[in-house]
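None of the figures in this text is laboratory data; all of them are computed from the coordinates on show. Keep in mind that this is a model prediction, so the values were computed, not measured. Don't worry about glycine lacking a Cβ; one is built from the backbone with ideal geometry, like all the others, and counts go over all protein chains shown.
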Amino acid sequence: MGNDVSRGVRDGNPKNYRYSGGGWWPAPPTVMKILSWNIRGLGNARTFLALQKILQQQRPLIMFVCETKLMAKQLYEISRKLKVDNCLAVNRNGKGGGLAMLWYNEANVHVTSYNNHHIDARVQREDDSWMRCTGIYGHPEMAQKKHTWTLLKRLVGLSDIPWLCFGDFNEILHPNEKIGGNDRNVNMISEFREALCECNLIDLGCKGYHFTWSNGRFGQNFVEERLDRFLCNKEWREKYVDCAAVNLETWTSDYYPIIIEVQAKGNGLSYTRRSTSRFHYEDAWSNYEACKDIIDKEWRRHDN
């Protein structure tokens, strides 16, 4: 971008740029999209093309991918091919695992910590405030899941700024987040819920297809679960528009990508609901004696 402020004027609206570190850089957008995906191997061409297509269609600024099954050096090369400006990669563990957080220069991201199961970062917003983004890859082994909840409890104490926590937690929050197969271990669900309660994190919900993982089998052996989600703390809900994640569809992985739009309250469209409700009438109600009185009262109330 360079240090020439006039370049910001030549390239468009100067309000779209901010001065930082001795130079002028693109300002963070008002609406920021964040993508999370357990990609189940990023080394094959089909998965690469699927991710490339999602980036072109959805245009997220920050991406978290887990189970890349690649070494960090390979992930840096893939980010270059995807034309993503920045990448923090964690090596695979044996033949599995591997994480990466990728972002474009429009997002001012500072990675603060990472290991085989998380990447934690601070992200500067358009008003120069900071939010926290943490990508999680939960332990898939039942005996190891407690370490995921311990990780969350350690992370929560590191900052009190608005926090968005997302990824594949490898556990469900409710029994209805699974269909097929054996019933989920109730104790495992309870431990997940207790960890979120202790961390003051809530599920932002989802739109689209309800489940994010399937075993790819058929008939009685078919299983689907909602293992991936976006969570946030109270500070995040107070500052940003309450918006559910969207579960995207893909045919290249047994996991669906999930994406969310982050928009500060007061920016763009107003999400305030009308305080009055619409009066609705069904003709079948006319058969009831009390119906005339109810309708009369409702008409009088709305006229006033």
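From the square roots a ≥ b ≥ c of the eigenvalues of the alpha-carbon gyration tensor of the range 24-152, which class results: rounded (a/c under 1.5), prolate (a/b over b/c), or oblate?
Working: a/c = 2.04, a/b = 1.25, b/c = 1.62.
Here the range 24-152 falls in the oblate category.
Quick one: if you take sqrt(5λ) for each eigenvalue of the C-alpha gyration tensor of the range 5-263, what semi-axes come out, biggest first, whole angstrom?
Computed over the range 5-263, the values are 31, 21, 17 Å.
Quick one: what are the phi-derived ³J(HN,Hα) couplings along the range 49-59, Karplus 6.51/-1.76/1.60 with θ = phi - 60°, whole Hz, x for glycine and proline?
5, 5, 5, 4, 5, 4, 5, 5, 7, 8, 6
How much net charge surrounds residue 113 when only the other residues with a Cβ under 14 Å from the Cβ of residue 113 are counted, with Lys and Arg +1 and Asp and Glu -1?
+2
Using each residue's phi in the range 234-251, evaluate 6.51 cos²θ - 1.76 cosθ + 1.60 at θ = phi - 60° and report the 3J(HN,Hα) Karplus result to the nearest Hz, with x for Gly and Pro.
Calculated HN-Hα couplings, in order: 5, 5, 5, 5, 6, 9, 10, 4, 6, 10, 6, 6, 10, 7, 8, 10, 8, 9 Hz.
Can you give me the relative contact order of the range 5-263 as a percent, contacts being Cα pairs under 8 Å and 6 or more apart?
Relative contact order, the range 5-263: 18 percent.
Which of rounded, prolate, oblate describes the range 99-202, given a ≥ b ≥ c as roots of the alpha-carbon gyration tensor eigenvalues and a/c under 1.5 marking rounded, otherwise prolate only if a/b is larger than b/c?
Judged from the Cα gyration tensor, the range 99-202 comes out prolate (a/c at least 1.5, a/b above b/c).
In terms of modelled amide H atoms, which long-range or inter-chain residues lie less than 5 Å from the amide H of residue 90?
99, 100
Could you check what % of the DSSP bridge pairs in the range 170-266 are antiparallel, to the nearest 5?
75
Looking at this model, which pairs from 81/239; 83/265; 73/145; 153/234; 33/146; 153/265 are more than 26 angstrom apart at the alpha-carbon?
From the list (81/239; 83/265; 73/145; 153/234; 33/146; 153/265), the Cα-Cα distance tops 26 Å for 81/239; 83/265; 73/145; 33/146; 153/265.
Got a sec to turn the phi values of the range 153-159 into Karplus ³J(HN,Hα) couplings, 6.51 cos²θ - 1.76 cosθ + 1.60 with θ = phi - 60°, whole Hz, x for Gly and Pro?
Those phi angles translate into 5, 6, 5, 4, x, 8, 6 Hz.
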